[in-house]
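S.K.: So that we are looking at the same thing, I have put the structure below in structure tokens.
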Amino acid sequence: MSREVVLVTGAGRGFGEAIARRFASEGAAVAVLSRNRAQLDRVVAAIEADGGYGFAVTADVTSPADVDRAVSEVEAALGPITTFINNAGVPGPFGPLWEVDVEAWWQSQQVHIRAPMLFLHRILPGMIARNHGRAIIVSAIASRMVAPYLNAYCTGKIAQNRIVAEAAAELKDTAVKVFAIDPGFVFTALANETMTSPDARKWLPGMVGRLEQASGKGDDGDLARCAQRCIDLASGRYDALSGSYTELPDDLDAMVREKEAAA
């Protein structure tokens, strides 16, 4: 992973932080991005304490101007981006389509759909010109579920998977590859935000109950597993799976063999 340049969005905490720190431990120069500078500075300090190289950049992932500026800053400081990880996300709003706040619902789609579109639109041309690069969109198991009262999240996540599939089809004659993944489950700040939401407690009591049970267990194993999945996909060994959505239990080697056998 030496000399690779990795940009991770939503990298101030949780899965984004774990992914960023793992890439840095592999020798990549890692740019971490979110709106919270204090969180980013803490992640960069942790990366540097471990002997890696981190670079913090703040941006609103739904703003074209911010995305353009952030990518320009990263590439000016570190060089061309070779791996992009889209991890920024929001959990709500929660409730029936006819009751949720329409603006909040649309803002969710801005984060889940507009943001990866803005970053891919900005980053892919350089990757295509260099004929090298990989993008990983952190989707969710909700992308293949119909979950009443979680309509904003499910809609955004299934759209992410389709963006990945479309991009992969359009990139098929290049060495640039794109993937969607489910990161697994860890009780992150995003999970806590869901658990404490009055609307989530009203409309999704079962899910809130499961989150409350998980909140005291401290099992963060999927942080490492998710980071490893990103490392594996960025390595090039699984480029045959470009366009696919995978979950942590999936056997990537078996999926490659099946794809090759069907070719």
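The values are calculated or read from the model by the stated rules, or taken from the named source; none is laboratory data. Since the structure is predicted, the reported quantities are computational estimates derived from the model, not experimental observations. Cβ: placed from backbone, ideal geometry, glycine included. Neighbour counts: every protein chain shown.
S.K.: Is it true that some residue in the stretch 165-182 is part of a loop (DSSP other than H, G, I, E, B), under 22 Å from R229 (Cα atoms) and acidic (D, E)?
M.R.: yes
S.K.: From V32, V57, V74, V43, grab the single residue that is crowded, with 23+ Cβ neighbours inside 10 Å and either without any contact (Cβ under 8 Å) to a residue 24 or more places away in the chain or not in a helix (DSSP H, G or I) (or both).
M.R.: Only one candidate qualifies: V32.
S.K.: Just to verify a result, which residue in the stretch 60-71, among those that are in contact with a helix residue (DSSP H, G or I) (Cβ under 7 Å, 6 or more places away or on another chain) and assigned to a helix (DSSP H, G or I), is surrounded by the fewest Cβ atoms within 10 Å (Cβ to Cβ)?
M.R.: P64
S.K.: Return the residues of the stretch 164-196 that are touching a residue at least 60 places away in the same chain (Cβ under 8 Å), within 27 Å of P148 (Cβ to Cβ) and surrounded by fewer than 18 Cβ atoms within 10 Å (Cβ to Cβ); say none if nothing qualifies.
M.R.: Result: A165, A189, L190, E193.
S.K.: Continuing with this model, one more query. Is at least one residue of the stretch 207-217 assigned to a helix (DSSP H, G or I), closer than 20 Å to A18 by Cα and of a type in the set (A, V, I, L, M, F, W, C)?
M.R.: yes
S.K.: Next up: Can you find even one residue in the stretch 136-147 that is part of a helix (DSSP H, G or I), of a type in the set (A, V, I, L, M, F, W, C), under 19 Å from the mean Cα position of the chain (by Cα) and modelled with pLDDT under 95?
M.R.: yes
S.K.: Among the residues of the stretch 83-125, what is the count of those that are in a helix (DSSP H, G or I), of a type in the set (F, W, Y) and either over 18 Å from D68 (Cβ atoms) or at pLDDT below 95 (or both)?
M.R.: Going through the stretch 83-125 one residue at a time, the tally reaches 2.
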